[in-house]
Amino acid sequence: MTTDTSALDSEYGQATARFYDAAYESLAQLDGRDIAFYRDLAREGGGPVLELGCGTGRVLLEIAADGFPCTGLDASQHMLARLRAKSRYPNLRLVRAAMQDFELPDERFGLIYSAFRAFQHLYTVEDQLACLLCVRRQLAPGGRLAFDVFAPRLARMAQLEEPEAADLRFTLEGEEVVRYATVTRDPAAQILKVRFRYERSSDGRVVGNEHASFAMRWFWRFELEHLLARAGFGLIEIHGDFDRSPVSADTPAFVVVAG
């Protein structure tokens, strides 16, 4: 499966951009620790900063607030439009491009990062390596790459299908929204496919449904190490969470820092 960014934008970007901020403000696992982690890395690197798959700017706007020259790159015109409408920072530039095929001539970054599992939208080793090679070209001497992916649970990955179930409830523009998720998995390809249905209600009556679909590749810890080494990264750290704790049996995420 090759990553089709145009299909991703049409099937995922439009509805997701509308609901993204309200949905993830209510998600307990996004408690700001990832923002603090990437913000600290930006401060350590001293800028400039590039985010791959910046979405609506949940992380990048916080880094831009520190005054670093920031570039946000995303393949979705819908996500970038939402971010553009929110940004008040002259030091933030937005670029529409695929994270596995981008070039910013004569620019080098002290930090290039990809937050909240965006790297998992690269389904093939070819696309993953292409992204990592783009990153290496754009890193300043001593610069670092950072990203996070979820740590797969064997028992859950073995479930080939999860029927539609409500997984999130939030309010947007005076309407109650329930997000329903349907999941299918292909263990051989390490690909899961998710379909979200956003059911909107007003005064207890359903007034509409909107849909978004996407796929994600899951990774194992040593697979990530080999992938980064193959792309030419020499210093590779893989943590078990944003507090830089070691990887363990109950690790919720693989948090990668490489240079």
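The values are calculated or read from the model by the stated rules, or taken from the named source; none is laboratory data. As the structure is a computational prediction, the values presented were derived from the model and not from experiment. We place every Cβ from the backbone using ideal geometry, glycine too, and count neighbours over all the protein chains shown. These area figures cover heavy atoms from the full protein model, side chains too; ligands, DNA and RNA do not enter into them. Shrake-Rupley method; radii C 1.70, N 1.55, O 1.52, S 1.80 Å.
Every residue, every condition in (1) open to solvent by less than 20 Å² (accessible area, probe 1.4 Å); (2) assigned to a loop (DSSP other than H, G, I, E, B), yes or no:
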residue: 199; (1), (2): no, no
residue: 208; (1), (2): yes, no
residue: 211; (1), (2): no, no
residue: 234; (1), (2): no, yes
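Given (1) exposed (fewer than 12 other Cβ atoms within 10 Å of the Cβ); (2) part of a loop (DSSP other than H, G, I, E, B), identify the lone condition not met by residue 247.
For residue 247, the exception is condition (1).
Is it fair to say residue 229 is free of Cβ contacts under 8 Å to residues at least 40 places away in the same chain, assigned to a loop (DSSP other than H, G, I, E, B) and among the aliphatic types (A, V, I, L, M)?
Answer is no for this residue.
Need pairs with beta-carbon distance below 6 Å; first residue under 16 Å from residue 20 (Cα atoms) and within segment 116-127, second open to solvent by less than 10 Å² (accessible area, probe 1.4 Å) and modelled with pLDDT of 95 or more; sequence gap 6+ or separate chains.
From residues that are under 16 Å from residue 20 (Cα atoms), the pairs are 117/149.
Where in segment 34-114 are the strands (runs of 3 or more DSSP E), entirely inside, with at least 3 residues that are closer than 27 Å to residue 22 by Cβ and either open to solvent by less than 20 Å² (accessible area, probe 1.4 Å) or out of contact with any Ser or Thr (no Cβ under 8 Å at 6 or more places or on another chain) (or both)?
Strands (runs of 3 or more DSSP E) meeting the threshold: 49-52, 70-74.
Any residue at all in segment 151-163 that is of a type in the set (S, T, N, Q), under 27 Å from residue 249 (Cα atoms) and buried (at least 20 other Cβ atoms within 10 Å of the Cβ)? Full working, then the answer.
Within segment 151-163, the subset of a type in the set (S, T, N, Q) is 159.
Of the ones still in play, those that are also under 27 Å from residue 249 (Cα atoms) are 159.
Now drop any that are not buried (at least 20 other Cβ atoms within 10 Å of the Cβ), which leaves none.
Checking segment 151-163: not a single residue is of a type in the set (S, T, N, Q), under 27 Å from residue 249 (Cα atoms) and buried (at least 20 other Cβ atoms within 10 Å of the Cβ).
Given the conditions (1) on the phi > 0 side of the Ramachandran plot; (2) open to solvent by 50 Å² or more (accessible area, probe 1.4 Å), report the number of the one that residue 190 does not fulfil.
(2)
For residue 185, state whether it is on the phi > 0 side of the Ramachandran plot and either in a strand (DSSP E or B) or open to solvent by 70 Å² or more (accessible area, probe 1.4 Å) (or both).
No.
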